[in-house]
Amino acid sequence: MPKYIFVTGGVVSALGKGIASASIGYLLKSRGLSVTLQKCDPYLNVDPGTMSPFQHGEVFVTEDGAETDLDLGHYERFIDEELSQDNNITTGQIYETIIRKERRGDFLGGTVQVIPHVTNEIKERFEKLEAGNGVDVIIAEIGGTVGDIESLPFLEAIRQMRLDHGPENVLFVHLTLVPYIKTAGELKTKPTQHSVRALRDIGIQPDILICRTERELSDEIKRKIALFCNVGTDAVIDARDVASIYEVPLRFHQDGLDDIVLTKLGIEDGKPDLSVLEEMVERVKSPAREVDIAICGKYVDLRDAYKSIIEAFIHAGAENDASVNLRWVDVEEIEESGDAEKHLGGCHGILVPGGFGERGIEGKIRAAGYARTEGVPYFGICLGMHVAVIEFARSVCGLEGAHSTEFAPKSAAPVIDLLPEQREIVDMGGTMRLGAYECKLIEGTRAHEAYGVASARERHRHRYEYNNDYRKALESKGLVSSGLYLDKDLVEIVELPNHPWFVAGQFHPEFLSRPGRAHPLFREFVRAALEHAEGGA
Ligand code: GLN
């Protein structure tokens, strides 16, 4: 029987519930327990795959091809375990299942209601997760903030979970804000008290409070929160702002969070091994070198859209003993000015990330061209590979009309195109090429050199592919195909051998980068950018 920890949030959103949940996971794993994490999203979309990055931020893709909330990225990076479709529940999925059952007649004439049908369906998803796999602790984060209409069924379901499984097996952790009011010169506990009261109104008494704060929580403040919120003082955890998210679990540990969780769940504790994150934080805090990398995208005002890329650069920077400064470049501005040098001059590496839609595409193509002709290290991810191929076809192979049929359906040279099986698809949700595929790495290439193995599994999320009809022409002019998906003869990585470092992949390597184990392509890209910087360029 696994133990359950349910994490809720109050007062305001964006307090870092995902990181807090992931940190609890990391701490418990570091004490020898097997853990998994689950995210409950109260919106009606079946998954975030159809949402705009402006609405939702990054869509994280799991090994089995689920399009999930970006918190799953934090979970995987912290607990270093592969998660799956079952680790992200949405209200949309719950209702879709119930309505399908209702249409089949499964409810035998009964009235279908939020309680018990929706709540039972939610509880089943908690109970089904890792069933039989012997996981010790399931940590489930409830999206939204207490008081939201949408999250009520989830809160009711976790209230019932405590009844069904017993208080010794189910723990409620609540994340709140303790704001510092400058004019009064004081930390204020009232919002936390209100938030806990709102939870109690629906029958949930939190066991542990994690309090986000700018200043240290004094013992007096902790005692006050404990008294008003009906928890022990040792169950009030100081979650002070820290410089790096990888410091959060270390801070929680200092304040005794893992001890109290284990005591309350009646689990015998092992000695924690926090070395991975301790080393990571140490490296992040005192880098010897610096490097500037331009990220050329369309969603640059919304950093959440590139969450895993940002984290991958932190990992890669740490391994190169460097701080990676990201310069966010709006590709529409490159497009408008037509002057790549103006926006990209002086940077030591250029990354074009994944993306959708035509807006800004010529700016991305220019960025790839600038990197190629100026000898600036280039890393293309998914759409970043498409634009590299288009640019090469136009400029080096003389295929003037070269384009992707995503943007130019009647292109005279569709160097990027749909596979036949993608042409028939009508539904937008869950129908891209998704999840992990094997990529064979060709010996003697930079890709092979970076990975140091014959083949790797990488995660995908796209519809369009490098068109094999143009492969010979592009290869003959020097665009090397260095990674291949052999089953379907698809080109997964391209690179330019006569360039300091120009590598572009069809997949999303950022999803597999971990603290202490940066993704090889990010690591090598940063290394090449550092060389470029130190070469005086
Ligand atoms: N829009 C492109 C496609 O669907 C690239 C997607 C991406 O960059 N993730 O193929």
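Read-outs throughout are calculated quantities, based only on the coordinates presented, and are distinct from any laboratory measurement. Computed from a predicted model, the values in this text were never measured in an experiment. Reconstructed Cβ throughout: ideal geometry from the backbone, glycine too, with neighbour counts over all protein chains shown.
Around the amide H of C439, modelled in the peptide plane, lie the amide H atoms of A456, R457, E458, all under 5 Å away and 5 or more residues distant in sequence or on another chain. Can you give the % of DSSP beta bridges in the chain that are antiparallel, to the nearest 5? If we restrict to bridges inside the chain, about 35 percent are antiparallel. Per residue, the convex hull spanned by the alpha carbons of the chain comes to 169 Å³. The average projected area of region 90-131, computed from the convex hull of its Cα atoms over all directions, is 3.1 nm². Sequence-distant contacts, meaning Cα pairs under 8 Å at least 6 residues apart, place the relative contact order of the chain at 15 percent. Taking the centroid of alpha carbons for each part, region 56-90 and region 359-433 are 27 Å apart. Just name one of G105, Q160, G143: the one whose Cα is farthest towards the positive end of the charge dipole of the chain (beta-carbon charges, Lys/Arg +1, Asp/Glu -1). Working it through, the farthest residue towards the positive pole turns out to be Q160.
Sequence-distant contacts, meaning Cα pairs under 8 Å at least 6 residues apart, place the relative contact order of region 1-73 at 21 percent. Shown is the FRET efficiency for V242 and E534, computed with R0 = 45 Å from the Cβ-Cβ distance and rounded to the nearest 0.05: 0.90. Label region 348-417 by shape, choosing from rounded, prolate and oblate, from the square roots a ≥ b ≥ c of the eigenvalues of the Cα gyration tensor; if a/c is under 1.5 it is rounded, and otherwise prolate applies when a/b is larger than b/c, oblate when it is not. Cα axes put region 348-417 in the oblate bin. The charge dipole of region 190-257, taken about its Cα centre with unit charges on the Cβ of Lys, Arg, Asp and Glu (plus for the first two, minus for the last two), comes to roughly 280 debye. Going by the alpha-carbon gyration tensor, a ≥ b ≥ c the square roots of its eigenvalues, is region 242-381 rounded (a/c under 1.5) or, if a/c is not under 1.5, prolate (a/b greater than b/c) versus oblate? Verdict is prolate for region 242-381. Here region 307-372 is treated as an ellipsoid with the same Cα gyration tensor; its semi-axes, largest first and in whole Å, are 24, 14, 9. Coupling constants for region 331-338 follow from the phi torsions by the Karplus curve (6.51 cos²θ - 1.76 cosθ + 1.60, θ = phi - 60°), and in residue order they are 5, 5, 5, 4, 4, 5, 7, x Hz; glycine and proline get x. Only aspartates and glutamates eight or more places from K123 in sequence, or on another chain, were considered; those with a Cα closer than 17 Å are D41, D86, E96, E141, E150, E156, D164. Taking GluC sites (Glu not before Pro) as exposed when their DSSP state is a loop state and no more than 14 other Cβ atoms lie within 10 Å, the longest site-free interval of the chain runs over 444-537. Helical runs (DSSP H, four residues minimum) scored at -39500 (n - 2.57) apiece and divided by the length of the chain put the mean residue ellipticity at 222 nm at -11000 deg cm²/dmol.
Using alpha carbon centroids, what distance separates region 210-240 and region 282-338, in Å? Centre-to-centre (Cα) distance: 36 Å. Taking 21 Å as the limit for the C-alpha separation, the pairs K298/K364; K190/K224; K3/K101; K17/K307; K307/K440; K39/K128 exceed it in the case of K3/K101; K307/K440.
With the cut-off at under 14 Å, measuring from each backbone N in region 409-428 to a point 7 Å along the Cα-to-Cβ line of T50 picks out 426-428. The mean sequence separation of alpha-carbon pairs under 8 Å and at least six residues apart, normalised by the residue count of region 430-495, gives a relative contact order of 36 percent. For region 129-163 versus region 447-498, the inter-centroid distance based on Cα atoms is 42 Å. Taking amide H positions as placed in the peptide plane 1.01 Å from N, state which residues far from E492 in sequence (5 or more) or on other chains have amide H under 5 Å from it. HN-HN under 5 Å from E492: G483, L484, Y485.
About its Cα centre, region 436-528 has a charge dipole of approximately 280 debye under the convention of +1 per Lys or Arg Cβ and -1 per Asp or Glu Cβ, with nothing else charged. Farthest toward the positive end of the dipole of region 410-511, out of H448, V415, H460, is the Cα of V415, where the dipole comes from beta carbon charges about the Cα centre.
Based on every Cα atom in region 34-73, Rg and the maximum pairwise Cα distance Dmax equal 10.5, 35 Å. This model, with +1 at the C-beta of Lys and Arg and -1 at the C-beta of Asp and Glu, gives region 129-268 a dipole about its Cα centre of some 680 debye. By the Stokes-Einstein formula, at 1.567 mPa s and 4 °C, region 1-126 with its Kirkwood radius over alpha-carbon pairs has D equal to 81 µm²/s.
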